[in-house]
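*Asks:* Sharing a structure below in structure tokens format, with a few things to ask.
Taken together, the values in this text are just the output of simple stated rules run on the coordinates, not laboratory data. Just so we're clear, the structure is a prediction, and the values are computed from it rather than from any experiment. Cβ atoms come from the backbone with ideal geometry, glycine included; neighbour counts cover every protein chain shown.
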Amino acid sequence: MKKAKKIVAFFTSCALVFSACVVSSNSAEARTNTKPTDSSKKEAAKTPSQQYANSMQPGWNLGNSFDSVGNTGETSWGNPPVTEALLEKVKGEGFKSIRIPLTVYGRVGTAPNYTIDSTYLNRYAQVVKMALALKLKVMINIHHDSWEWAEYINADDDNGEAMAEYKAIWTQLSSYFKDYSSDLCFESLNEPTFKNHSGDVATDVQLKRLDAVNTEFHSIVRNSGGNNAARMLVMPTLNTNNSDDRCASLYNTIAGLKDPNIVATLHYYGYWPFSVNIAGSTTMDSNTVSDINASFDRMYNNFTAKGVGVVVGEYGLLSFDGSAKSDVVEHGELLKYIEYLTYYAKSKGIAMMLWDNGGMINRQTYKWNDAEFSNVVKASFKTRSSYAASDEIFVKKEASNKDIPVSLTLNGNTLASIYNGNVKLKLGTDYTYSNGVVTLKGAYISRLINGNYGTKATLTFKFSAGADFNVDINYENTPLLSKGKGTTAGFNIPIQFNGSKLLTLEAVNADGTATGPANWTTYKQFGDSFTVDYTTNSLTMTNTFFNACNDGTITLKLHFESGEVLQCNITKSGTTVTAN
């Protein structure tokens, strides 16, 4: 998976779900405290596929390595060669399984044999062996081919060529790996989608083509000898989407094969507006929680409850292109999302595999790029974590002596202590605590608010179990906007952030209608229509934004994490942009 393509595919599959959402008045905190039904108590003994899926929990993806496309092999997309030390790190972090995506596009010969490049396949197998030697479950697949030649499988205008290539490739892979242990499982195709060379086809047509793919895959593997007669096979829904029609179609395929060694797989990247920060969906609100609940309930009802094991082969957020530590989705809200997502999936008996394209565990240093994220992920393997209403507190000088209440969502834990670095805050002096609310005393806060604007302290909330939760105390003032002139290639709005942080922005025409990309909402997509850089005081409206705007005056409403909203007007005239 490479996110640029992933976002397009995911938006297509999520559009109907988003448009049908009903906003709930319940808070996210209230919803996340609701315990799902413990379905396991009502289950019969787990089936082989359920046992196998459970043994894969938790899992990790070796993304953007062997699935990369290019002529420099596994390093084509910028990651270094895979090492045993990296896999040892993954194992040491508590992961039980690893998905190693493989793209053969550009690495096969011509018809009719479609021979996979032996050097590439041997190197791939070397890494598979490394992982198996570490007692990790390993999943292999055909990956980005799904957006290349494989999307034309059984196309009306393909003359059977793509299906012939698919069969040839799995015939080779099945033969190559047939004597590997049962800890190796095969996934038929990553995020399958289908079309004709002449254009798109209806969903029901795509479902039939996927059924044919999974059925051929099953036949090839089961008849290839060695350990493949009973090897665990992994079959995806169309687009790895969790809608009922896609789940029902895959279940019917699996049921028809009458094979106990088949696991269903889907992917989950969250409620789309929250996942990319668009449409004002900036927090882990009831819509985001409801999407998690409904999605995993569908997975459970369509598969788990019927005896089929489920592995979510990829999870995260669509904004995770480089790292979890970014400005697109507010960091504290991201941590809440990961905490609740993994908890709810676990409650449904569904295994989860974290997508990592190199942005999570650094493949040079073997350290997590975001320690807070890693702590929440690893804690979720065993227990729930607690968090505050926000991980950011903004204080102006004139309000620095006021007490600040901080509401906690405990998720069954208790507050143990609060630290500022190595210094423990004093209960009763620096803060008070009652009924899940910490009150930071104004006398304590005022000592922090001085000097330059920005983060003055990071308070670490420690709990009886789970990960710590950090809250930044920020000294801020109202941001200052200035006049300026530039071009549509990328216009930097003159701004002094003064310790504030941007949450989202709106863009409207003079008549009040939305402008820019996705003009069904006034709230623009963070990272697509605009970017920020606090180190250089840069707020940049992108070329993508201006390409979707007509000439004229555009009003921008800047929403900051502190709650302040500022307004500025910019005028677009051809390729010239002026901030008034």
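*Asks:* When ranked by the protection proxy of mean other Cβ atoms within 10 Å per residue, highest first, what sequence do the peptides 213-225, 394-406, 58-70, 292-304 form?
*Replies:* Result, highest mean first: 58-70, 292-304, 213-225, 394-406.
*Asks:* Right, next: Report the one residue of His218, Asn159, Thr342 whose Cα lies farthest in the direction of the positive end of the charge dipole of the chain (charges on C-beta: Lys and Arg +1, Asp and Glu -1; origin at the Cα centre).
*Replies:* Thr342
*Asks:* By count of other Cβ within 10 Å, fewest leading, how are Ser49, Ser55 ordered?
*Replies:* Ser55, Ser49
*Asks:* Follow-up question, since we're still on this one. In what order do Leu556, Leu354, Leu481 fall by count of nearby beta-carbon atoms within 10 Å, going from fewest to most?
*Replies:* Placing the least packed residue first, the sequence is Leu481, Leu556, Leu354.
*Asks:* How would you order 427-438, 359-370 from highest to lowest mean count of nearby Cβ atoms within 10 Å?
*Replies:* Highest-to-lowest ranking by the protection proxy: 359-370, 427-438.
*Asks:* How would you rank 508-518, 106-116, highest first, on the average number of other Cβ atoms within 10 Å across their residues?
*Replies:* 508-518, 106-116
*Asks:* Further question: Contact order normalised by length for the chain, with contacts defined as Cα pairs under 8 Å and 6 or more residues apart; what percent is it?
*Replies:* 12
*Asks:* Moving on. Here are some pairs, Lys336/Lys396; Lys336/Lys483; Lys367/Lys462; which of them have Cα atoms lying more than 32 Å apart in this structure?
*Replies:* Result: Lys336/Lys483 exceed 32 Å.
*Asks:* Mind listing which trypsin sites (Lys or Arg not before Pro) in the stretch 477-531 are in a DSSP loop and have 13 or fewer other Cβ atoms within 10 Å?
*Replies:* Those satisfying the criteria are Lys483.
*Asks:* Once the Cα atoms of helix 203-222 and of the chain are each reduced to a long axis, what angle between those two axes, in degrees from 0 to 90 to the nearest 10, is obtained?
*Replies:* 50
*Asks:* Helix-only estimate, please: 222 nm mean residue ellipticity of the chain, summing -39500 (n - 2.57) across DSSP H runs of length 4 or more and dividing by its residues, to the nearest 500.
*Replies:* On the way: 14 runs with 166 residues, N = 580.
Value at 222 nm, helices only, nearest 500: -9000 deg cm²/dmol.
*Asks:* Let me ask something additional. Could you sort out which of Lys456/Lys572; Lys258/Lys348; Lys456/Lys485 sit more than 27 Å apart by Cα distance in this structure?
*Replies:* Details: Lys456/Lys572 39 Å; Lys258/Lys348 24 Å; Lys456/Lys485 34 Å.
With Cα atoms farther than 27 Å apart: Lys456/Lys572; Lys456/Lys485.
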